[in-house]
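> Structure below; questions to follow.
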Amino acid sequence: MSDISRRNFMKNAVVGAAAVTSLGLLAGCSPKQEEPAQANADTAMGDDTMSATANVLDPKTMPDAATASNFNVVEESATTVGTTLDNLKTAITGETGATTKYAAWAKVAEKAGYDHIARLFNCTSDAEKIHIELEYKLAQKLEPGYQKPEPPEVPEHTVDLNLIAGANGEIYETSDMYPSFIKVAQEEGNNEALQVFTRAKLAEAYHAERYLDAYNTIDTPTDDKYYLCPICGYIHKGENFTACPICLAPKSSFTEY
Ligand SMILES: [Fe+2]
Ligand SMILES: [Fe+2]
């Protein structure tokens, strides 16, 4: 598949819940979860509430046509690409490193008195566990008996450098590793892997954004909570949203940190 046709494929995949549902890519949550999200989004667009909810995240428009084009692989890819089974194992190893690091870095932040950053690291650590479970299920399907890798030793830096290291890892995953794996899953016609990799790819970009935001505001403590989507690992900062922009799970299903 050429880059352009692949991009168009992915654009179609992420624009509009209806189109997505038929492909089973992004809106693969249960209908129970989609309906309230849609209803909330409609409410948010009503005349009476428009002014009060102008900043509320509307899952009908995110990701939109513009953001849906960002599925290219960086030019100097650092990813070793194999079959989808190989790629699932590589992703699980990467996500295991990430979840382990973030849990350790949450403790570093807590000790240093950065409560809001500790909450973000714990939330993101749990987000990566969601990706691991989704990928593990598929890997086991392709290779019954496959076991998860052991967690690695974790280097600990200062809080600010942990945030930058976290952001770098997330940017690598969203711009290199997952787009590379998405391409193979498309070529193999493995739609389950395509959905899992695509949702993870989209969530990682938000993780990077949260880490950079925390880095830029490191000396400004905030009481804003972080909210984790239990379906895809998307993280939202603050109350101001109605549903997951990636999988449309409603805010009420999110876990607060
Ligand atoms: Fe992540
Ligand atoms: Fe989600």
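> With charges set only on the Cβ (+1 for Lys and Arg, -1 for Asp and Glu), what does the dipole of segment 72-143 come to about its Cα centre, in debye to the nearest 20? Display every interim value, and only then the final one.
Values: 8 positive and 11 negative charges, 59 e Å.
Result for segment 72-143 is approximately 280 debye, rounded to the nearest 20.
> List the pairs from Lys89/Lys183; Lys89/Lys201; Lys89/Lys129; Lys107/Lys137 whose alpha-carbon separation is above 18 Å, in the order I gave them.
Violating the 18 Å limit, Cα to Cα: Lys107/Lys137.
> Using a 10 Å cut-off on Cβ atoms, rank the peptides 147-156, 226-235 from the highest mean neighbour count down.
Top of the packing list down: 226-235, 147-156.
> With θ set to phi - 60° and the Karplus curve 6.51 cos²θ - 1.76 cosθ + 1.60, what are the ³J(HN,Hα) couplings of segment 141-157 in order, to the nearest whole Hz, using x for Gly and Pro?
With coefficients 6.51, -1.76 and 1.60, one gets 5, 7, 9, x, x, 4, 10, 5, x, 6, x, x, 5, 10, x, 10, 10 Hz.
> Also, I was wondering about something else. Once Lys and Arg get +1 and Asp and Glu get -1 on their Cβ, which of Tyr226, Leu142, Ser125 lies farthest toward the positive end of the dipole of segment 104-257?
My answer, from the dipole projection, is Leu142.
> Round to a whole angstrom and tell me the spacing of the C-alpha centers of segment 115-183 and segment 200-221.
If you average the Cα positions of each part, the centres end up 14 Å apart.
> Next question, about the same structure. Quick one: putting +1 on the C-beta of Lys and Arg, -1 on the C-beta of Asp and Glu, what dipole do you get for segment 191-236 around its Cα centre, in Debye to the nearest 20? Can you show the working numbers first?
On the way: 4 positive and 7 negative charges, 43 e Å.
It works out to roughly 200 debye.
> Can you send over the carbon and sulfur percentage of the accessible area for segment 70-157, probe radius 1.4 Å, protein chains only?
Using a 1.4 Å probe with all protein chains present, segment 70-157 comes out at 51 percent carbon and sulfur.
> Across segment 101-112, in residue order, what do the Karplus-derived ³J(HN,Hα) couplings come to in whole Hz, using 6.51 cos²θ - 1.76 cosθ + 1.60 with θ = phi - 60° and x for Gly and Pro?
With coefficients 6.51, -1.76 and 1.60, one gets 4, 5, 5, 5, 6, 5, 5, 4, 5, 5, 4, 7 Hz.
> Could you look at segment 186-257 and say what percent of its accessible area is carbon and sulfur, using a 1.4 Å probe and all protein chains?
Of all accessible area on segment 186-257, carbon and sulfur atoms account for 44 percent.
The values are calculated or read from the model by the stated rules, or taken from the named source; none is laboratory data. Predicted, not measured: the structure shown is a model, and the values here were computed from it. Neighbour counts are summed over all protein chains in view; Cβ atoms, including those assigned to glycine, are modelled from backbone coordinates with ideal geometry. We work out accessible area using only protein heavy atoms, side chains counted, and drop any ligands, DNA or RNA first. Shrake-Rupley method; radii C 1.70, N 1.55, O 1.52, S 1.80 Å.
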